[in-house]
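One structure below.
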Amino acid sequence: MAKKKKPASKRNLFETFATKVTKATGSTPVFVSAFIVVLAWAVSGPFFNYSETWQLVINTGTTIITFLMVFLIQKTQNKDSLALHLKLNELVASSRFASNRLVDVEDLTEEELEILKKYYMKLSDLSEEEDSLIKSHSIDDAQKNHAEKSGRKPQKKLSNSDRGKSVSIEEIGDIDKKRRQKRRKPRPKNDDSGAPQKPAS
């Protein structure tokens, strides 16, 4: 019988080891254990007369552990960074208003990044010249945003006196409740005969 091939998505041994060790070293039990080891080493100092060998033990141990942890942590950070970039690329690619040139923005030169920075700084300056946050987040904007997402036609615009007013979650809920009640009102039934009724004598 032919041997079963391992799935391509299966992580290699080093990747699995690096992930588990990185998670373990950030846990409370490992920190407490390391603290106890250092405390025991400090307490044992008088018994060894604070000799060079006593100092060499802790120096050698911490140096080796730190040296190895650098590579394990870097391995995990590289994977997390790549996953984060892919998620951001998916958001940029899925939005029709976002520029696809930002998908590989991490590969641009420093000069090109400065150009993009100036562009977004200009957008920030223009937004500050507009109205305040309360006016920019008005009821009209909420209705227009909801209409665009639901595919419905935008509702009638509010009067000038109501524009720019800030609304709370409770007020939005009351408005929605009143609209539903209006929709549920029974319509008057038409006469099936279709003939006009005679006035009572």
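No value in this document is a laboratory result; all are computed from the given coordinates. The structure presented is a predicted model; accordingly, all values stated were derived computationally and were not measured. For neighbour counting, all protein chains shown are included, and Cβ atoms are generated from backbone atoms with ideal geometry for every residue, glycine included.
General observations
- Matching residues, region 84-94, being of a type in the set (Gly, Ala, Ser) and surrounded by 11 or more Cβ atoms within 10 Å (Cβ to Cβ): Ala93
- Qualifying residue in region 63-76 (condition: exposed (fewer than 10 other Cβ atoms within 10 Å of the Cβ) and either touching a strand residue (DSSP E or B) at 6+ places or on another chain (Cβ under 7 Å) or not hydrophobic (A, V, I, L, M, F, W, C) (or both)): yes
Listed here are the residues, each with its yes/no results for (1) touching a residue at least 24 places away in the same chain (Cβ under 8 Å); (2) more than 19 Å from the chain's Cα centre (by Cα).
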{"site": "Gly26", "(1), (2)": "no, yes"}
{"site": "Ser33", "(1), (2)": "no, yes"}
{"site": "Val38", "(1), (2)": "no, yes"}
{"site": "Gly45", "(1), (2)": "no, yes"}
{"site": "Phe48", "(1), (2)": "no, yes"}
{"site": "Ile58", "(1), (2)": "no, yes"}
{"site": "Thr66", "(1), (2)": "no, yes"}
{"site": "Thr76", "(1), (2)": "yes, yes"}
{"site": "Leu91", "(1), (2)": "no, no"}
